[in-house]
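The values are calculated or read from the model by the stated rules, or taken from the named source; none is laboratory data. For clarity, every value in this text was computed on a predicted model and none was experimentally measured. With ideal geometry, Cβ positions are generated from the backbone for all residues, glycine too; neighbour counts draw on all protein chains shown.
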Amino acid sequence: MTHADAITTVWASLERHFAHHARLVARFRSFGPVAVARMWREQRNEAGAPLSRDEREALVERHCELFGSWPV
């Protein structure tokens with residue numbers, strides 16, 4: 001692998017990472033503190049279904065945006 005190929009690979013990996021993060025952040029963007037706290041406490045999404053792995057990650061992101069820390 002050339003140096004240029006290695007750099008291209010790193011940039012592609014970063015692009016995938018940030019695209020995934022943007023999807024996570026968007027998932028619960030419209031929910032406020034009360035809803036986010038309830039969903040975290042119950043470990044259920046807005047429809048009452050158990051959180052998927054991605055929903056759990058997204059809810060952590062939203063919690064951090066709202067409260068400034070990871071949920072406990």
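For this structure, a couple of remarks:
- Qualifying residue in region 4-21 (condition: in a loop (DSSP other than H, G, I, E, B) and either over 27 Å from residue 69 (Cα atoms) or of a type in the set (A, V, I, L, M, F, W, C) (or both)): no
- Considering region 1-32, the residues that are under 13 Å from residue 63 (Cα atoms) and surrounded by 12 or more Cβ atoms within 10 Å (Cβ to Cβ) include one that is nearest to the chain's Cα centre (by Cα), namely 24.
- Region 32-60 residues that are on the phi > 0 side of the Ramachandran plot, paired with ones that are surrounded by 12 or more Cβ atoms within 10 Å (Cβ to Cβ) (beta carbon under 8 Å, 6 or more apart): 43/51; 43/56
- Any hit, region 55-67, residues being surrounded by fewer than 15 Cβ atoms within 10 Å (Cβ to Cβ), among the aromatic types (Phe, Trp, Tyr) and modelled with pLDDT under 95: no
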